[in-house]
1. Counting other beta carbons within 10 Å of each residue's own, what order do Trp202, Trp26, Trp216, Trp70 fall into, fewest first?
2. Which ³J(HN,Hα) values in Hz, rounded to whole numbers, follow from the phi angles of the range 96-110 under the Karplus curve 6.51 cos²θ - 1.76 cosθ + 1.60, where θ = phi - 60° and Gly and Pro get x?
3. Mean residue ellipticity at 222 nm from the helices of the chain, using -39,500 (n - 2.57) per DSSP H segment of n ≥ 4 over the full residue count, to the nearest 500 deg cm²/dmol?
4. What distance in nm separates the simple spin-label points at Arg46 and Gln244, each placed 7 Å from Cα in the Cβ direction?
5. Under a 10 Å cutoff between Cα atoms, tell me which one of Lys151, Lys221, Lys233 has the largest fluctuation in the Gaussian network model of the chain.
6. Please work out the Cα center distance from the range 91-107 to the range 118-137, rounded to the nearest Å.
7. Among Val49, Val184, what is the fewest-to-most ranking by other Cβ atoms within 10 Å?
8. Could you give the length gained by full extension between Asn99 and Leu146, i.e. 0.36 nm per residue of separation minus their alpha carbon distance, to one decimal place?
Amino acid sequence: MDLKNNILLKRLPKHIAIIMDGNGRWAKQKGMLRAFGHENGTKAVREVVEACAELGVANLTLYAFSTENWNRPKLEVQTLMKLLVSSLKKEIKTLQDNNIRLSAIGNLTSLPSKVYKELHEVIELTNQNNRMTLTLALSYGSREELLNTVKEISKKVKNNIISPELIDESIINEHLYTQNLPDVDLLIRTSGEQRISNFLLWQIAYAELYFTKTLWPDFTKQHLYEAIIEYQKRERRFGKTSEQLN
Ligand code: IPE
Ligand code: IPE
Ligand code: MG
């Protein structure tokens with residue numbers, strides 16, 4: 001049965017964020033090197049990108065490389081960076097065919113120049129697309145983002161562009177890397193780990209959390225539909241009582 005038919009299209013999450021985890025364990029289970037897991041993880045990326053675009057989800061954000069991931073063995077970091085460049089090149093057609101705009105968040109200037117260049121090329125190429133925004137979190141860490149936000153706002157205070165009394169949540173939102181994105185509605189993490197790992201701390205304040213044991217390379221459209229169906233069963237109260245909502 002196609003689970004897609006059980007999704008209420010009127011109540012789709014506006015912003016889905018995914019912590020794509022478990023590539024290494026997936027490869028290990030198969031007696032293969034971790035790189036094999038990362039390569040197969042790109043198939044799952046295509047699955048969720050297409051599924052979200054087809055459904056009409058407006059924003060999808062994927063955690064692809066964290067600030068902490070720089071501490072992995074040099075060879076693995078190199079493999080991941082190479083894979084990024086080749087995937088970006090390969091997926092331009094999928095993005096154009098599906099009218100998807102690519103965006104990126106994170107400390108992007110710390111990426112190798114090849115990655116940075118390819119990334120910006122695809123961002124430029126797709127910047128008129130408007131069916132869905134796909135955001136890649138690359139060299140992303142939520143604390144680094146918040147630190148950067150504090151610095152940016154401080155500079156404006158110092159130069160009398162912002163007065164400290166007027167700093168509110170919307171000013172903070174405008175200075176985050178995610179400035180143009182709505183808050184996360186649904187956060188998915190694969191591989192059975194139940195932690196946030198420095199991802200979008202501010203933006204997930206009221207997100208529904210969904211954890212699945214499925215390892216990332218095994219994640220398919222049907223798995224995404226399952227997560228959305230579960231999300232739609234939840235009552236999002238935002239501090240109110242159930243009675244107030246009905
Ligand atoms: C997620 O899979 C991909 C990245 C973090 C880049 P992992 O590489 O973390 O896989 P596990 O968690 O070791 O299985
Ligand atoms: C989180 O996965 C980062 C990404 C998915 C890119 P990790 O595998 O790096 O997370 P931890 O370190 O196990 O929490
Ligand atoms: Mg992991």
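Each reported figure results from applying straightforward, stated rules to the coordinates on display, with no laboratory input. Source: prediction; values computed, not measured. Neighbour counts are summed over all protein chains in view; Cβ atoms, including those assigned to glycine, are modelled from backbone coordinates with ideal geometry.
1. Lowest to highest Cβ neighbour count: Trp70, Trp202, Trp26, Trp216.
2. Once θ is set to phi - 60°, the couplings for the range 96-110 become 5, 4, 9, 6, 9, 9, 9, 9, 8, 10, x, 7, 5, 5, 7 Hz.
3. Using -39500 (n - 2.57) per qualifying helix, the result is -14000 deg cm²/dmol.
4. Taking the two extended label points, one gets 4.7 nm.
5. Looking only at Lys151, Lys221, Lys233, the biggest GNM fluctuation is shown by Lys233.
6. What the calculation gives is 4 Å, centre to centre.
7. Ordered from fewest to most neighbouring Cβ atoms within 10 Å, Val49, Val184 come out as Val49, Val184.
8. Once the chain is fully extended between Asn99 and Leu146, it gains 13.8 nm.
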